[in-house]
Amino acid sequence: MSLQIYNSLTRKKERFNPITKGHVGLYVCGPTVSGESHLGHARPYVTFDVVYRYLTHLKYKVRYVRNITDAGHFEEEGREAEDKISTKATIEKLEPMELVQKYTNLYHWAMLQLNNIEPSIEPTATGHIVEQINMIEKIIADGYAYAINGSVYFDVEKYNTDFSKKGLPYGILSGRVLEDMLETTRELDNQEEKRNKADFALWKNAPPEHIMRWKSPWGEGFPGWHIECSAMSSKYLGDEFDIHGGGMDLQFPHHECEIAQSAVCNHKSPARYWMHNNMITINGRKMGKSYNNVIKLSELFSGNHPLLAQAYHPMVIRFFILQTHYRSTLDFGNEALQASEKGLKRLFDAYENLQKLEPVNEKSEDAELEKNVLQLLNELDEFMNDDFSTAKVLANIFELVPTINALKNKQLPANVLSNGVITLMQQKLKLFITNILGLKNINDTNNKANDVIQILINLRKEAKAKKDFVTSDKIRNDLAAIGIQLKDEKDGSISYSL
RNA sequence: GGUCCUGUGGCCGAGUGGCUAGGCAGAGCUCUGCAAAAGCUUCUACAGCGGUUCGAAUCCGCUCGGGACCUCCA
């Protein structure tokens, strides 16, 4: 089976065919750097990191573009028209760009912790004001936007009328019908500028107190939210590219508006495949600023939050996210994260045991086991091809764990698996666990403390040899008290885990 | 109100109509000086009520619950 991707646009899984053979253009909506990233933000970036890694594994040359929204948008359209970033900057007595830089740095730090590969291009909205203005001018020239009082709005109704005929009605992505929306859209203040409630801003006039402002043909102002992604994705990936990703909450209106803008400018829908990750919830509710239930990533990593029973390693977060399919909601909970932590440790214990196994048999003495192992390994590719089913990949790998550990502990005779299968297992697990899923072992084994532990282990060995169990138990118990666990192996050696 | 999603065992979660998902926790056994780890075995499920079917967690209907979007939002 070749790669199948669930396309939000068609609401079904489709076989992935790139526009240009061997190449993939991938655009993912990045963060608004007006605040610190939280657990919810980790999801799309981990999800699409795996998409990127897997496409690369499939030998595609991928251009991965993930933007940074550093030009703020109005908090709520029409209401006070205040820029998120400039508002906070005043409160914190910082320059807007200073604030942007601070949160961008924090975001990059978090991405690094999560072991996300950096995108090929990370364009900023402020760095592409000219491109955005050009695009807006084009939309106006074509008659699908109008300027009023220094702002520019997209004429949704006109667009819908004309482009429905071309198969691109407004609402095509989110499954909405414009007429319904016009009836149900809430009344917001200061909407009299707009011809229609559904119209959205391409450019906003900046009131005097607004710090971030740029000159434009319509006066000083700042770009609307949706236009940056259209301008930057088409600049770096072309008028039509392969995959556009982001959180489900961006499907409407953000991505819907992107389609409309691009359809006018480039006469086609910007992306072939739209991928949307689901939300991380907390007590069943979406984690988000408006719900006041966010746990920042830095808090998660440090354990410094009332809802956290302990600190969680970034790899635990990554593993936690990958244990679920990206289109399902994922509920946060200490119990769940603790389970992930233990699972991840067990996974890497087995992984290291496997890499140390020395294949010795030409032939397997247990045909059935060998067959099972082969099947579990082969399914890994199928599962990834099936819309990136990382949860199933991990489940299969866990099914291999007992066999690996039993071989290592000699609970299974060494001849049950052939050389070929053991080698294949070593290669495939390395590929899937570290390269594709991007997981890393959280037991760090490279520092002085480990040398000290080794000294204690040797003392314990000597005590045991003399049957001085009082001393040997004391060493073991005292180490256990600070979280270092000693294990007496079958062969008389002693290993440990942190 | 409109559109859509969802309800799986103590917790988190896979599930394409028929076969043990998996992780964590629990129980028993083996191994061990004793442990831990590991291995083996094992208990808890498919919100409720109907229907389709030889057979449904999986399809359909209804009821009840939860959620998302419609407004900044990953």
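The values are calculated or read from the model by the stated rules, or taken from the named source; none is laboratory data. Model, not experiment: these values are computed from the prediction. Backbone-built Cβ (ideal geometry, glycine too); neighbour counts: all protein chains shown.
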Quiz item: Where residues in segment A:1-23 are over 21 Å from A:Lys268 (Cα atoms) and over 22 Å from the mean Cα position of the chain (by Cα), which of them is modelled with the highest pLDDT?
Solution: A:Gly22
Quiz item: Looking at segment A:102-109, is at least one residue within 14 Å of RNA strand B (Cβ to nearest atom), within 30 Å of A:Leu55 (Cβ to Cβ), under 34 Å from the mean Cα position of the chain (by Cα) and part of a loop (DSSP other than H, G, I, E, B)?
Solution: no
Quiz prompt | Looking only at segment A:420-467, and only at residues there that are in contact with a Leu (Cβ under 8 Å, 6 or more places away or on another chain), under 30 Å from A:Arg43 (Cα atoms) and among the hydrophobic types (A, V, I, L, M, F, W, C), the one that is modelled with the lowest pLDDT | solution = A:Ile442
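Is one or more of the residues making up segment A:314-331 within 25 Å of the chain's Cα centre (by Cα), free of Cβ contacts under 8 Å to residues at least 40 places away in the same chain and within 11 Å of RNA strand B (Cβ to nearest atom)? Before the answer, list the steps.
Quick first cut of segment A:314-331, residues within 25 Å of the chain's Cα centre (by Cα) only: A:314-331.
Keeping just the survivors that are free of Cβ contacts under 8 Å to residues at least 40 places away in the same chain gives A:320.
This time we only want the ones that are within 11 Å of RNA strand B (Cβ to nearest atom), so: A:320.
Scanning segment A:314-331 turns up at least one residue that is within 25 Å of the chain's Cα centre (by Cα), free of Cβ contacts under 8 Å to residues at least 40 places away in the same chain and within 11 Å of RNA strand B (Cβ to nearest atom).
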Quiz item: So which residues in segment A:200-248 are buried (at least 21 other Cβ atoms within 10 Å of the Cβ) and of a type in the set (D, E, K, R), if there are any at all?
Solution: A:Lys204, A:Glu228, A:Asp242
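Can you tell me which residues in segment A:137-154 are in a loop (DSSP other than H, G, I, E, B), at pLDDT 95 or above and not hydroxyl-bearing (Ser, Thr, Tyr)? Walk me through how you get there before you give the answer.
Let us first name the residues in segment A:137-154 that are in a loop (DSSP other than H, G, I, E, B), namely A:142-144, A:149-150.
Then keep just the ones that are at pLDDT 95 or above; that gives A:142-144.
Within segment A:137-154, A:Asp142, A:Gly143 qualify.
Just to be sure before I move on: is A:Lys21 surrounded by fewer than 18 Cβ atoms within 10 Å (Cβ to Cβ) and touching a Phe, Trp or Tyr at 6+ places or on another chain (Cβ under 6 Å) in the structure I sent? Working first, answer last.
On the way: surrounded by fewer than 18 Cβ atoms within 10 Å (Cβ to Cβ): yes; touching a Phe, Trp or Tyr at 6+ places or on another chain (Cβ under 6 Å): no.
Here the answer is no, as A:Lys21 does not meet what is asked.
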Quiz prompt | Count of residues meeting criterion [of a type in the set (Asp, Glu) and part of a helix (DSSP H, G or I)] in segment A:114-136 | solution = 1
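Can you say whether A:Gly288 is within 8 Å of RNA strand B (Cβ to nearest atom), surrounded by fewer than 19 Cβ atoms within 10 Å (Cβ to Cβ) and modelled with pLDDT of 95 or more, as far as the supplied structure shows? Don't jump to the end; show me each part of the working.
On the way: within 8 Å of RNA strand B (Cβ to nearest atom): yes; surrounded by fewer than 19 Cβ atoms within 10 Å (Cβ to Cβ): yes; modelled with pLDDT of 95 or more: no.
Here the answer is no, as A:Gly288 does not meet what is asked.
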Practice problem: Kindly indicate the residue of segment A:366-383 that is over 30 Å from the mean Cα position of the chain (by Cα) and acidic (Asp, Glu) and also farthest from RNA strand B (Cβ to nearest atom) among those meeting that condition. | Solution: A:Glu370
Self-check item: Single residue of A:Glu183, A:Glu192 found to be assigned to a helix (DSSP H, G or I) and at pLDDT below 95
Solution: A:Glu183
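So if I check each of A:Leu417, A:Leu424, A:Leu429, which one is among the hydrophobic types (A, V, I, L, M, F, W, C), assigned by TED's automatic domain parsing to the domain that holds A:Glu365, crowded, with 17+ Cβ neighbours inside 10 Å and touching a Phe, Trp or Tyr at 6+ places or on another chain (Cβ under 9 Å)? Break it down stepwise before answering.
Working: A:Leu417 fails: touching a Phe, Trp or Tyr at 6+ places or on another chain (Cβ under 9 Å); A:Leu424 fails: touching a Phe, Trp or Tyr at 6+ places or on another chain (Cβ under 9 Å).
Unique residue meeting the criteria: A:Leu429.
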Quiz item: Residues that are more than 9 Å from RNA strand B (Cβ to nearest atom), touching a Pro at 6+ places or on another chain (Cβ under 6 Å) and in contact (Cβ under 8 Å) with a residue 24 or more places away in the chain: which helices (runs of 4 or more DSSP H) entirely in segment A:384-494 hold 3 or more of them?
Solution: A:419-429
Quiz item: All but one of (1) out of contact with any Ser or Thr (no Cβ under 6 Å at 6 or more places or on another chain); (2) free of Cβ contacts under 8 Å to residues at least 12 places away in the same chain hold for A:Ala311; which doesn't?
Solution: (1)
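Name the residues in segment A:160-182 that are aromatic (Phe, Trp, Tyr) and more than 16 Å from RNA strand B (Cβ to nearest atom), would you?
Residues of segment A:160-182 aromatic (Phe, Trp, Tyr): A:163, A:170.
A:Phe163 - this is the single residue of segment A:160-182 that is aromatic (Phe, Trp, Tyr) and more than 16 Å from RNA strand B (Cβ to nearest atom).
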Quiz item: Any idea how many residues of segment A:453-475 are surrounded by 11 or more Cβ atoms within 10 Å (Cβ to Cβ) and either under 30 Å from A:Pro314 (Cβ atoms) or β-branched (Val, Ile, Thr) (or both)?
Solution: 6
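Specify the residue that is nearest to A:Glu489 (Cα to Cα); the eligible residues are those in segment A:386-406 that are among the aliphatic types (A, V, I, L, M) and surrounded by fewer than 19 Cβ atoms within 10 Å (Cβ to Cβ).
If we filter segment A:386-406 for residues that are among the aliphatic types (A, V, I, L, M), which is where we start, we get A:391, A:393-395, A:397, A:400-401, A:404, A:406.
Going one step further and asking which of them are surrounded by fewer than 19 Cβ atoms within 10 Å (Cβ to Cβ), we end up with A:391, A:395, A:401, A:406.
On the way: A:Ala391: 32, A:Ala395: 27, A:Val401: 18, A:Ala406: 12 Å.
Here the residue is A:Ala406.
For segment A:395-419, which positions are among the β-branched types (Val, Ile, Thr) and within 30 Å of A:Phe320 (Cα to Cα)? Step through it out loud before you land on a result.
Here is the first cut: in segment A:395-419, the ones among the β-branched types (Val, Ile, Thr) are A:397, A:401, A:403-404, A:416.
Once the filter is applied, which keeps residues that are among the β-branched types (Val, Ile, Thr) and within 30 Å of A:Phe320 (Cα to Cα), segment A:395-419 yields A:Ile397, A:Val401, A:Thr403, A:Ile404.
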Self-check item: Members of segment A:1-14 that are touching a Leu at 6+ places or on another chain (Cβ under 7 Å) and surrounded by fewer than 15 Cβ atoms within 10 Å (Cβ to Cβ)
Solution: none
Self-check item: Residue satisfying all of: in segment A:291-308; within 20 Å of the chain's Cα centre (by Cα) and touching a residue at least 24 places away in the same chain (Cβ under 8 Å); surrounded by the fewest Cβ atoms within 10 Å (Cβ to Cβ) among these
Solution: A:Ser298
